[in-house]
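**Q** Please find one structure pasted underneath; my questions will follow.
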Amino acid sequence: MTSHKPVAPLPELRPLGETIKGYEVVLWWGLLGPRGLQRDLVAVWNKGVEQTLQTKEMQERLATEGVDPIGGPPERFRSAIRRDVEKWNRVVKQAKISVS
């Protein structure tokens, strides 16, 4: 378990971060569009996704997968992507990983 908290389908499985302090790897899914996509279109798209995430059917389906839907404004997703890019850039540099 690489998230910071247990997931519903496997409550007995403790997160790795409880053993290795600070360890957390969060997988996420999101929708991306082309650069410069019109803001009004992004807003409509985001609203539809938010509504879908709030349905009982989607909540139940995601819960069985151990997924905790967050949703929110596009800026939140953009910030999450930036944080992950910065985090994994640090990991690559510290581990001296290179691509040949």
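**Q** Restricting attention to segment 57-92, and to residues there that are of a type in the set (V, I, T) and closer than 23 Å to A8 by Cβ, which single residue is surrounded by the fewest Cβ atoms within 10 Å (Cβ to Cβ)?
**A** Of segment 57-92, the ones of a type in the set (V, I, T) are 64, 67, 70, 81, 85, 91-92.
Keeping just the survivors that are closer than 23 Å to A8 by Cβ gives 64, 67, 70.
Details: T64: 9, V67: 17, I70: 12.
It comes out as T64.
**Q** Go through segment 11-36 and give me each residue that's closer than 20 Å to V85 by Cβ and among the hydrophobic types (A, V, I, L, M, F, W, C).
**A** V25, V26, L27, W28, W29, L31, L32
**Q** Right, here's the next one. Could you grab the pairs with beta carbons closer than 7 Å, sequence gap of 6+ or different chains, first residue in segment 1-21 and loosely packed, with under 14 Cβ neighbours inside 10 Å, second one of a type in the set (S, T, Y) and not in a loop (DSSP other than H, G, I, E, B)?
**A** Note: pairs meeting the criteria are P9/T64.
**Q** Test each condition in (1) at pLDDT 95 or above; (2) aliphatic (A, V, I, L, M); (3) within 12 Å of the chain's Cα centre (by Cα) for V67 and report the one that comes out false.
**A** Just one mismatch for V67, condition (1).
**Q** Residues that are touching a Ser or Thr at 6+ places or on another chain (Cβ under 9 Å) and loosely packed, with under 12 Cβ neighbours inside 10 Å: does segment 38-50 have at least one?
**A** The answer is no; no qualifying residue exists.
**Q** If a residue must be among the polar types (S, T, N, Q) and more than 20 Å from R76 (Cβ to Cβ), how many such residues does segment 1-54 contain? Write out each step before concluding.
**A** Going through segment 1-54, the residues among the polar types (S, T, N, Q) turn out to be 2-3, 19, 38, 46, 51-52, 54.
Adding the requirement that they be more than 20 Å from R76 (Cβ to Cβ) leaves 2, 19.
Within segment 1-54, residues that are among the polar types (S, T, N, Q) and more than 20 Å from R76 (Cβ to Cβ) number 2.
The values are calculated or read from the model by the stated rules, or taken from the named source; none is laboratory data. This structure is a prediction, so every number in the text was calculated from the model and none was measured. FYI the Cβ positions are ideal-geometry reconstructions off the backbone, even for glycines, and counts take in every protein chain you see.
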